[in-house]
Structure formats: structure tokens, C-alpha cells
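*Asks:* Please find one structure pasted underneath; my questions will follow.
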Amino acid sequence: METKLTGQQIREKFAQFFKKSGHEKVASSSLIPHNDKTLLFCNAGMNQFKDYFTGKATPSNRRAVSIQKCVRAGGKHNDLENVGHTSRHHTFFEMLGNFSFGDYFKEDAIKFAWEFLTIELKMPKELLYVTVHYSDDEARKIWNEKIGLPLDRIFTKGDKDNFWEMGEFGPCGPCSEIFFDHGEQYTDKELVRLDPNDLLEDEKRYVEIWNLVFMQFEKTAEGRFSLPKPSIDTGAGLERVAAALQGCYNNYNTDIFASIMKKIEDMTGKKYLSADGKELPHTAAFRVVADHIRSATMLITDGVIPSNEGRGYVLRRIIRRAIKYLNELGVKEISFYKLIPSVFESLGEEYSQNANNSELASKLLELEERKFRETLENGLKFLNEAIAKEVKDKTLAGTAAFKLYDTYGFPVDLTQMYLEDLGLRLDHGGFEKAMQEQKEMSRKSWKGALDNTDKVFHAIKEKYGVTNFVGYENYKSQAKLVAVEAFGDQKALVFDTTPFYGEGGGQVGDIGVVMSGKNIIAHIDDTQKPVDGLFVHLSSDADALIVGETYTLAVDEHTRKLTMRNHSATHLLQSALIKVLGPHVKQAGSLVTPEKLRFDFTHLQALTKEEIQKVEELVNAEIQKGMDVASNVMNMEEAIKKGAMTLFGEKYGNEVRVLTMGEFSTELCGGTHVHNTGEIGLITMLSEASLASGVRRIEATTSETAIHYLSHRSQLLKKVETLFNDKEEKALVKIEVLLKELKEKQKEIESLKDKIQASDSKDLFSTVEKIGGFDVAIIEAPADSDLRKLSDLFISKFQNGVIVLYNKNGSILVRASKGAAKLHAGEALKEILTVVNGKGGGKPDLAQGSGEAALISKIKAHAHQVLTSKLG
């Protein structure tokens with residue numbers, strides 16, 4: 001090949017090639033699927049175009065080209081375990097795609113692909129092979145007769161390889177795949193061929209680089225039918241194309257990964273490959289870390305926060321798996337986050353919005369690694385203990401692996417990796433059984449089914465077009481009723497024009513009335529946008545309305561204004577938080593109602609009182625300045641250059657609405673706002689709390705609601721002043737003195753209780769007996785006694801003692817001294833609790849639980865039996 005194009009050059013050439021052929025460049029959608037609950041992550045270029053393929057929506061241009069960021073990790077499409085150990089598996093990858101929505105079909109799709117590869121990229125024709133579905137004679141003829149590809153380089157395949165389906169039902173069709181021959185030296189010598197004539201069975205030598213899907217059928221419960229307007233969906237893996245063009249067999253050896261590999265080399269003091277380009281014992285570890293820093297960085301900068309469920313759990317697994325391999329490469333310091341800049345050396349130009357959020361990724365990855373490294377040592381200690389105790393037939397019990405996950409945050413694949421290094425296996429069945437309930441909860445957090453109710457609204461939009469929204473400047477307008485649909489117990493009303501804002505961007509939908517002349521004939525309880533551009537008004541008393549008639553729509557002006565003030569204050573709040581806390585602050589969610597605003601944002605710890613006060617003062621200062629609020633529509637590129645803040649996971653069109661408040665705030669927003677910040681009046685903070693790891697939540701309110709709130713607090717202060725017969729600070733000083741005295745008295749009471757309890761314990765411990773050489777006591781303690789403190793007294797007196805304490809309320813405690821390490825308190829407790837239908841748990845030396853108080857009289861005899869069996 002004459003030139004070695006870089007990954008960025010391939011991206012640019014691909015987009016330009018198809019734009020010249022009338023395709024519209026559509027920006028990559030977020031890795032968090034937009035309005036698609038069936039997907040964990042975006043895993044293909046066609047995901048964002050699903051509604052166009054199903055016919056639920058109509059595109060403005062029937063030809064599109066995109067460079068889509070994708071993640072396959074977790075769920076049905078999961079490449080995680082293979083990453084680093086093969087040449088082409090990745091959790092994060094880029095999909096080059098061109099699409100036709102009922103426009104061109106097979107011949108053009110094939111010609112476009114062949115021309116791009118062989119002419120634009122100058123890929124040698126003799127190294128390319130194709131497959132077609134065995135039933136697709138049309139595609140076979142096009143490749144042979146139109147493209148001139150010899151028949152011996154065209155191979156037929158069955159449904160498994162060359163027939164694509166969107167799901168159980170929906171668009172489907174045959175596909176044609178293009179393969180690149182990496183050369184005879186990569187022949188799979190261990191391959192057992194099913195068809196001696198099928199060269200492409202050798203997937204090591206011949207690598208698929210592009211898949212052309214011909215969506216020509218619709219699959220229904222009744223069968224498969226031809227589509228009147230068949231479509232095209234293609235996908236070419238950028239990493240695979242780059243490998244072919246750059247003369248690399250392994251994707252990880254391309255320039256796409258070069259900057260990351262160099263940084264890992266600097267970090268570890270090791271080389272990725274030998275001087276002659278051969279793999280080293282640690283090369284696979286390099287590849288795992290390189291892949292995982294890409295996926296972790298891109299997921300976080302698209303709004304996924306590490307957690308223990310759904311998408312966040314998959315992200316956490318990726319992060320921890322990378323840290324495990326970094327550890328093996330000798331990196332013991334917190335370092336994973338330091339690879340982020342090298343990720344954007346390759347990806348920053350195409351995905352500038354992600355690059356703008358890199359500060360957040362840095363903060364979160366540093367936090368995740370610190371937390372994991374803290375638990376790693378304890379987790380490995382437990383794993384080694386479990387291996388010593390719970391391995392049978394070279395298999396670790398699944399319950400032990402579950403405890404590692406549940407207590408120490410060890411993903412099961414991490415446990416399995418350690419086991420494999422020792423030549424051991426994991427009891428996956430036992431683990432799955434223990435995990436079932438939590439996995440079910442995790443699955444529910446993301447998995448769902450397509451909601452078909454919006455099909456009705458898609459059809460309305462197709463028939464009548466988008467709603468003309470006039471609500472930025474008007475609270476009233478004349479509007480023709482074009483459709484009415486049942487919506488639960490309500491009616492869904494669609495007008496050609498509306499001043500009602502449909503819920504979106506965190507702002508609730510407007511309420512108001514429908515009028516005929518001066519008479520109110522229906523009330524609007526909510527306004528929604530189930531389909532982009534279509535405003536749907538929900539009413540419980542709209543029976544009198546007639547389709548085709550014109551009415552006056554009137555928004556509840558007072559409620560709208562309260563909402564607008566809170567929404568504009570939210571923009572000021574975000575800017576203030578960034579100024580006080582730093583650029584890692586990103587909006588993670590919001591709710592704007594007439595009563596208050598709620599703002600979720602990325603930050604790693606609770607705000608101090610001083611920080612909250614500073615943020616509030618900053619916002620109020622901007623409100624008092626009385627700055628004009630301006631909105632302008634511009635293209636996305638202009639908006640980004642202007643410094644407009646974007647939202648995680650939000651899908652923006654080519655044109656966006658930019659809202660500015662002086663020089664203090666610039667954001668993309670389609671909501672309704674005040675015309676001047678002075679209209680907000682003031683803001684007051686209501687609360688600040690943790691929402692999830694790395695995410696905080698502030699609630700606040702503005703204008704008259706804030707005044708009512710502060711007035712109420714003022715009245716409470718006056719009551720306090722009356723009670724203490726003093727004013728403001730002096731009253732607070734008296735309260736502080738009173739609380740201090742109360743605390744001291746409480747300490748005195750606790751001290752007296754401890755002395756009484758210690759005195760009583762002499763009699764309580766008089767029943768100690770010997771079992772297997774250990775001092776054992778099984779005692780019913782007074783109901784108001786502190787079981788733990790009693791056990792402390794017992795352990796201080798009996799160095800090889802075991803005690804079971806219980807009371808008539810049903811509380812039970814098992815304690816073992818260091819000299820009685822033979823007994824695992826947690827396991828003993830579980831057996832003891834069976835007699836009282838109880839629950840509980842704990843550590844080897846201390847465990848607590850509770851059972852049915854009515855059965856507590858059975859504890860003594862049963863506990864004696866349990867301890868005798870374990871200590872005797």
C-alpha cells in the first residue's frame with residue numbers, strides 16, 4: 001500500500017466521501033442510548049436511526065453518514081473477557097457507517113463501499129473478498145457483473161453469518177460482508193474446515209472490515225414480507241480498517257492506540273513490544289489497559305457514573321479490571337486517570353464534547369482507583385482464605401465469590417482471573433444463585449421493552465407535521481385541534497400551534513386551559529413531547545372538544561413564571577458551582593417545577609457550608625445585576641466555539657438554541673426563561689446531599705417561594721428568641737450551652753450504666769463452662785443492656801472465651817476471643833438463628849442478629865448444641 005493513513009484521516013475521508021454523494025453527516029449519538037431502553041450501551045451505528053428504519057419517524061435527509069462511538073461490554077453484546085487476548089476485540093470502538101432510509105439500495109451500497117476502499121483508500125483489490133447470503137443472487141451478481149469481482153472471491157453463507165435482524169420482529173434482510181486478507185503468514189494452521197472451498201472460514205487470516213445490511217423485509221408474527229422502501233445500514237470498524245491500511249495485523253498496533261501505549265510505557269518502565277515488533281509476556285496487559293481507559297473515559301464523559309448497578313456497574317468492572325492489569329505491570333500508585341490525555345490525542349478531534357468533560361473523568365477515575373486499591377488488599381486476603389477453606393475439586397465455591405463481590409467489590413471476572421492464575425475454577429452456578437436477586441434488580445435498572453404507544457404520535461406527526469410552538473413569547477394563542485387520542489384516563493390533545501411548553505430538559509410541562517370565546521371548556525393538566533417536535537396536551541375534561549375546531553389556548557401565567565425563574569436560576573447555579581468547585585462539575589440531571597429546582601451534578605464530596613454560601617452569594621449577585629437573558633439559534637459548531645455547556649447523553653440537532661445570561665452563563669437550552677435575571681428575585685438553598693457516588697444534589701427555590709420559605713424560617717427564629725428571652729446570636733449561644741450541658745449529662749448517665757452493667761456482669765458470667773477447652777457463656781441479658789459492651793467485658797476476662805448473649809427483645813450476639821479463633825462467630829450465629837427464624841451476620845470474631853422474640857426461650861439449648869459441635 002502506498003500510504004499509511006492515520007485513524008483521523010480515515011474518519012475525515014469517510015465523512016467527506018459520503019457527503020459528496022449527498023449524505024448528511026450526523027454526529028455520533030451518546031454511548032447512553034437515547035430513548036431506547038432495550039440497550040445497555042450504544043453498540044452500532046444504526047442505533048440512533050432505529051425509528052427511521054422501523055418507519056416510526058421520517059428523516060429530513062434519506063442519506064446519512066456517521067462515525068459512531070460504541071461500547072460492547074455487558075448484556076447480549078459483551079467482548080470484555082476477550083479484550084487484550086485477541087487482535088480485534090475491544091470494549092470501545094468506532095463504527096463508520098453510511099445509511100439509506102428508503103433511498104438507494106444494494107447496487108449503490110456495494111458501489112460506494114468498493115469505491116471508498118479501493119479508490120479513496122487505495123486498498124489493493126486482490127486482498128478483498130466478500131460474502132453474500134445464499135439466497136441473495138442479486139447481490140452476488142452486482143459484485144460479479146457490476147464490480148467485476150471474480151466468483152471465486154465471492155462466498156455464500158447462511159442466516160447465522162449473513163442475515164441480519166433488528167429483533168424478533170421488525171426490519172431485517174441479507175447482508176454482504178467485505179473481508180481483508182492479512183496474508184498467508186496469518187493462516188490458522190489448526191483450523192478444521194467445514195467447507196474446503198470456503199477460504200473465509202479462516203477468520204485469523206481473512207478479517208471482516210465492513211458489513212452491508214440490505215433491509216428489504218419486514219418480519220411480523222404472520223411471517224416475512226417485502227418492504228416497499230428497502231433501506232441500507234452499513235458498518236465498518238475503524239480499528240480494523242486502520243489495521244489493514246497500516247499493515248498491522250493487530251488493531252492495537254495501529255496509530256489509534258499509539259499515544260496510549262507510549263504513556264503506559266512511560267508509566268511502567270516496560271516496552272509494549274520488543275525492538276523487532278514481537279509480543280512480550282506483558283503485551284496483553286498493555287492492551288487491556290489501553291482498551292479499558294478508552295471505554296472508561298468515553299463512558300464517563302458521556303454521563304455514566306461508576307456504581308453497583310446497570311451501566312455504572314459495567315463501567316466499574318472495566319475500571320477495576322484495568323487496575324488489576326496495571327497492578328500486574330508493576331504500577332502500585334494511583335495512575336489510571338493519568339492516561340486520559342492520551343485517549344483524546346486520538347479521539348478528541350472527533351468527539352470534542354467528550355474531551356470537554358475530561359476533567360470529570362480524571363476526578364472520577366482517580367476516586368475509583370483509590371477506593372478499589374483500598375479494598376484490593378483486603379479482598380485478596382479474603383480470597384486466599386477462601387481458597388484455603390472453600391476449594392473442592394479445584395473449584396472455589398460460588399458463595400465465596402459472591403461474598404468477594406458483595407463485601408469487597410470484586411467483580412466475578414476479576415476473581416476468576418486470579419483463580420485461573422492458580423489453576424483453579426469458579427463455581428459459576430453457585431455464584432449465579434447467590435447473585436440472582438441483585439442481578440435482577442440491576443437488570444431492571446436498564447432493561448425494558450419498546451413502548452409502542454408513541455407509534456400513534458409518530459403517525460400524527462407524519463400526518464400533520466410538528467407543532468408550532470409560540471410559548472417563548474406568548475402565554476395565549478389560537479390553535480386548531482388536529483387530533484385526539486385516549487391516554488390512560490385522560491385525553492391527549494394535539495393542536496397545530498401551542499404556547500404550552502412540553503416537558504423536556506428537566507422543566508415540567510405547562511398547565512392551563514382551553515377556551516372557546518370567553519368560556520373555559522377544558523383544563524390542561526400537563527404537556528408532554530412523546531415524539532420530537534410534537535406537543536401533546538393531557539386533559540381529564542376535554543370531551544366537548546371537536547377535531548378541526550379552533551380554540552384559544554391559555555397557559556397558567558403565574559405557574560409558568562415561577563417555573564421560568566427556577567429554570568433560569570438553575571443555569572446561574574451551574575455556572576456558580578463550576579466557578580466555586582471546578583470544571584469537573586457537569587449536570588447529571590435536573591428538575592424544574594414552579595415550587596423549586598433540583599440540580600444533580602458531578603462532584604466527589606459534600607460541599608462545605610462555606611462553599612454552599614459562596615455559590616448562593618454568587619447566584620444572588622448575578623440576579624441583582626439584572627442581566628439580560630438572550631437566546632440565539634445557531635449551528636452546533638458555533639455554539640461550542642461560544643463556550644455553550646452541553647448536557648450528558650443529550651442528542652442535539654444541527655441547529656441549537658443557545659441561552660446566555662451576560663458573561664456568566666452560556667448553555668444549550670430549549671426551555672422557557674426570564675428576560676432579565678432581575679425577574680428571579682433571589683435564590684435560597686434548601687438542601688445539598690449525595691445522590692450517588694460522585695454525584696451530588698442541590699435543591700433550591702427562587703422568587704416568591706423563596707420569600708415564603710425565608711419568612712417561615714424567620715418566624716421560627718422569633719419563637720426560639722421568645723423561648724430563650726434573647727435575640728438572634730445570643731439565643732443561639734444559649735442553645736449551644738444547653739446542648740453541651742445535655743451531652744455532658746448523657747456521658748455521666750452512660751458511665752453510670754457501664755458501672756452498673758460491669759457490676760452485674762460478675763453475676764452474669766458466673767455460669768461460664770468449659771467446652772473443648774474454651775470458656776463458654778450463653779447468657780440472657782437484661783433487655784436494656786448493651787450486648788456489645790457486655791461482650792467486651794467478657795472478652796477482657798476470658799482470653800480464650802466464646803459468649804452468646806441474647807435478650808427478650810430477640811437481639812442475639814456471638815463473640816469469640818482471639819484465643820477462640822477456631823470458632824467463626826458469623827457462621828455460628830447463622831446456625832443459632834435458625835431456631836428463632838432470625839437473620840444476621842458478621843465477622844469471624846463478632847456477629848449480631850435478631851429473631852422472633854416469642855421463640856427466644858429456645859436459644860440457650862440450641863446455642864449450647866451449636867457451640868458444642870463446633871468447639872467440642
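*Asks:* Ranking request for peptides 295-306, 423-434: highest mean number of other beta-carbon atoms within 10 Å first, then the rest in descending order.
*Replies:* 295-306, 423-434
*Asks:* Provide Rg and Dmax in Å for the chain, with only Cα atoms included in the calculation.
*Replies:* 33.3, 101
*Asks:* For the charge dipole of the chain, defined by +1 on Lys and Arg C-beta atoms and -1 on Asp and Glu C-beta atoms about the Cα centroid, which residue among 483, 500, 647 has the Cα displaced farthest towards the positive pole?
*Replies:* 647
*Asks:* Please list, in order along segment 770-785, the HN-Hα scalar couplings obtained from phi with the Karplus expression 6.51 cos²θ - 1.76 cosθ + 1.60 (θ = phi - 60°), rounded to whole Hz, x for Gly and Pro.
*Replies:* Each residue of segment 770-785 in turn: 9, 10, x, x, 9, 7, 10, 10, 10, 10, 8, 8, x, 4, 9, 7 Hz.
*Asks:* Still on this structure, I have one more. Counting pairs of alpha carbon atoms under 8 Å apart in space and at least six apart in sequence, what relative contact order in percent does the chain give?
*Replies:* Once divided by the residue count of the chain, the mean separation gives 7 percent.
*Asks:* Still on this structure: For 321, 224, what's the largest-to-smallest order of accessible area, 1.4 Å probe?
*Replies:* 224, 321
*Asks:* Can you tally the net charge around residue 678? Count Lys and Arg as +1, Asp and Glu as -1, for every other residue whose Cβ sits under 12 Å from the Cβ of residue 678.
*Replies:* Taking every other residue near residue 678 into account, the sum is -1.
*Asks:* At 222 nm, what value in deg cm²/dmol follows for the chain if DSSP H runs of at least 4 each add -39500 (n - 2.57) and the sum is divided by all its residues, to the nearest 500?
*Replies:* Helix contribution divided over all residues of the chain: -12000 deg cm²/dmol.
*Asks:* What size of dipole, in debye to the nearest 20, comes out for the chain about its Cα centre when the only charges are +1 on Lys and Arg C-beta atoms and -1 on Asp and Glu C-beta atoms?
*Replies:* 1920 debye
*Asks:* Related question: If amide hydrogens are placed 1.01 Å from N in the peptide plane, which non-local residues have theirs closer than 5 Å to the one on residue 588?
*Replies:* Close amide H contacts, sequence-distant or interchain: 600, 601, 602.
*Asks:* On a straight-distance basis, which aspartates and glutamates could pair with residue 476 in a cross-link, Cα separation under 13 angstrom, same-chain partners fewer than 8 positions away excluded?
*Replies:* Within the straight-line limit of under 13 Å, residue 476 reaches these aspartates and glutamates: 510, 556, 557.
*Asks:* To continue, here is another question. Holding the Cα-Cα limit at 26 Å, pick out from 13/324; 609/641; 13/56; 455/491; 745/808; 461/491 the pairs that are longer than that.
*Replies:* Correct reply: 13/324; 609/641; 13/56; 745/808.
*Asks:* Going by average Cβ neighbours within 10 Å, how do the peptides 380-391, 713-724 rank, with the highest at the top?
*Replies:* Answer by packing, highest mean first, reads 380-391, 713-724.
*Asks:* Oh, and also: Students often check this: by mean Cβ neighbours within 10 Å, which of 463-472, 657-666 ranks highest, and how do the rest follow?
*Replies:* Ranking, from highest mean packing down: 657-666, 463-472.
The values are calculated or read from the model by the stated rules, or taken from the named source; none is laboratory data. Everything numeric in this text was worked out from a predicted model, so none of it was measured. Using ideal geometry, Cβ is built from the backbone for each residue, glycine included, and neighbour counts are taken over all protein chains shown. Accessible surface is based on the protein model in full, side chains and every heavy atom, while ligands, DNA and RNA are left aside. Shrake-Rupley method; radii C 1.70, N 1.55, O 1.52, S 1.80 Å.
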